[in-house]
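The values are calculated or read from the model by the stated rules, or taken from the named source; none is laboratory data. Just so we're clear, the structure is a prediction, and the values are computed from it rather than from any experiment. Positions of Cβ are backbone-derived with ideal geometry, glycine not excepted, and every protein chain shown enters the neighbour counts. Remember, those area values only see protein heavy atoms, side chains included, never the ligands or the DNA or RNA. Shrake-Rupley method; radii C 1.70, N 1.55, O 1.52, S 1.80 Å.
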Amino acid sequence: MDDFLSTCHAAAKASARLPSGPAFHVVLGNEACDLDSMVSALVYAYYLSKTRDDRAALSVPLLNIRQGELLLRSDNMFLLRRTGLCPDTLLFRDQLDLAALRRTGRLRLTLVDHNVLPGSDADLEGAVVEVIDHRELEREPGPSCPVTVEMVGSCATLVTERLIQNAPHILDQQVALLLYATILTDCVNMAPAACKVTPKDSQYAAALEARFPSLPPRGALFQAVHKAKFDVSGLNTEQMLMKDMKTLAGSFSIAVSVLYLPIEAFMQRAELEAELSVFCRKLSFDLLVLMSICFTETKQPIRELALFSHSDSRREQASRFLERAGNPALDLCPISSPHRHVAAYHQGNALASRKKLLPLLKDFLRTSDDEDDEDEGRVPPTPMNSLVEGCPLDAGPPPISADALHDKFSKMDAY
């Protein structure tokens with residue numbers, strides 16, 4: 001694996017200096033670049049490099065974040081260190097120009113841990129040749145793009161299945177540890193009470209244990225990764241929001257950040273509301289949704305939710321929508337917030353993770369877009385002062401374009 005990653009990194013650097021060059025078969029995880037996305041991309045690209053005799057394209061894994069953001073993924077960093085992989089040999093979105101490769105016909109894409117590209121990458125859609133994912137299918141399978149989608153606990157389970165069935169000889173202790181740690185983490189140490197693990201997850205975790213009996217004990221490895229993931233010591237507010245964030249866009253933009261501490265503790269940070277305001281304005285987010293997770297002594301999840309927006313109407317509309325949601329019901333109970341522009345809730349349905357929340361927010365965006373379309377057909381009202389609640393400027397600036405958002409990220413201070 002080490003030599004493979006070094007080769008990929010060197011080839012990408014060489015390609016960046018040339019107007020033309022080799023084709024790349026890029027294995028791309030999702031924009032959150034959590035442990036599952038990173039490991040699935042690394043291992044599946046490695047598998048392709050060992051099993052496909054495609055001399056016209058180099059199989060490379062690409063982490064779907066900027067290089068400077070990896071330090072915020074403390075569990076990713078922990079597992080890289082544990083397996084002896086050097087972060088400097090990894091490839092990131094700001095190191096390989098996928099759009100340029102696509103324009104010159106030198107790009108093939110395999111998506112892992114997601115099955116549709118975000119709007120900012122829509123121009124890359126024609127390059128997608130395969131999908132491996134473990135969430136709800138949002139794309140139409142076609143003859144030129146095989147799709148493997150199964151609702152298992154971890155995408156790494158599906159990658160492990162592919163390796164064991166088709167190329168067991170490339171599995172070694174290092175690769176096995178990457179996959180094993182990821183499956184344990186996603187499936188909450190295989191605990192049935194967490195409702196994450198499926199029979200296939202258990203089957204392939206056990207298969208890795210049988211092939212590599214010197215793998216660390218389940219409990220010890222899970223606790224080590226878990227502790228690293230929830231370590232937010234030393235992070236400022238912006239870094240905590242960026243640590244595990246996904247974005248949605250329609251007629252306005254939403255950021256959804258996972259926090260690894262109680263909402264009440266987060267809301268006690270000094271100057272919090274001012275920092276949230278700067279963060280949203282800096283990146284042109286109209287609504288910020290915070291989903292916190294922590295655990296009881298018996299490892300039961302506790303989830304809380306908070307919504308921030310300077311637009312009272314936008315925040316209240318989103319709050320009402322989520323309060324009334326039924327598929328799934330979040331069972332939200334308001335909790336006291338010391339901040340005027342923050343609505344906070346205890347989430348009674350602790351099993352509704354961000355994977356369940358995102359489709360609800362997409363529905364909210366679609367509903368808002370439909371209402372905006374209806375409003376366009378009406379006679380516009382007499383213009384109001386721009387400071388009056390409900391005016392067109394109330395929702396903040398319009399959604400930022402993908403290129404502009406990239407530029408803003410590029411100008412962010414180093415972490």
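Based on Cβ point charges of +1 for Lys and Arg and -1 for Asp and Glu, what charge dipole magnitude is obtained for region 1-151 about its Cα centre, in debye rounded to the nearest 20?
Computed charge dipole of region 1-151: roughly 640 debye.
When the Cα centres of region 18-68 and region 229-245 are compared, how far apart do they sit, in Å?
About 26 Å separates the Cα centre of region 18-68 from the one of region 229-245.
Charges only on Cβ, +1 for Lys and Arg, -1 for Asp and Glu: so what's the dipole of the chain about the Cα centre, in debye to the nearest 20?
That gives the chain a dipole magnitude of about 1220 debye.
May I ask you to give the solvent-accessible area per residue for region 106-193, in square angstrom, as obtained with a 1.4 angstrom probe?
Spelled out: the 1.4 Å probe surface of region 106-193, per residue, equals 36 Å².
Rounded to a whole number, what % of the accessible area of the chain do carbon and sulfur atoms account for, probe 1.4 Å?
Taking all protein chains in place, the chain shows 53 percent carbon and sulfur surface.
Looking at the chain as a GNM with Cα springs under 10 Å, which of S20, S337, S202 has the largest mean-square fluctuation?
Maximum fluctuation in the GNM of the chain, among the listed residues, is at S20.
Which whole-number percentage describes the relative contact order of region 1-117, with Cα contacts under 8 Å and a sequence gap of 6 or more?
It rounds to 39 percent for region 1-117.
May I ask which of K50/K229; K200/K299; K13/K227; K50/K227; K243/K299 have a Cα-Cα span longer than 26 Å here?
Exceeds cut-off: K50/K229; K13/K227; K50/K227.
Treating the beta-carbon of each Lys and Arg as +1 and of each Asp and Glu as -1, no other charges, what is the dipole magnitude of region 139-274 about its Cα centre, to the nearest 20 debye?
Computed about the Cα centre, the dipole is about 280 debye.
What is the projected area of the convex hull of the Cα atoms of the chain, averaged over all directions, in nm²?
Mean projected area for the chain: 21.7 nm², to one decimal.
Enter the Cα centre distance for the pair region 89-106 and region 116-136, rounded to the nearest angstrom.
15
When the chain is modelled as a GNM with alpha-carbon springs shorter than 10 Å, which of S120, S59, S253 fluctuates the most?
Between S120, S59, S253, it is S120 that shows the largest mean-square fluctuation.
Treating the angle as unsigned and between 0 and 90°, give the value, to the nearest 10°, between the Cα long axis of helix 173-186 and the longest Cα principal axis of the chain.
Roughly 30 degrees, rounded to the nearest 10.
Kindly report, to the nearest 10 Å², the accessible surface of H226 as traced by a 1.4 Å probe over protein heavy atoms only.
Rounded to the nearest 10, that gives 40 Å².
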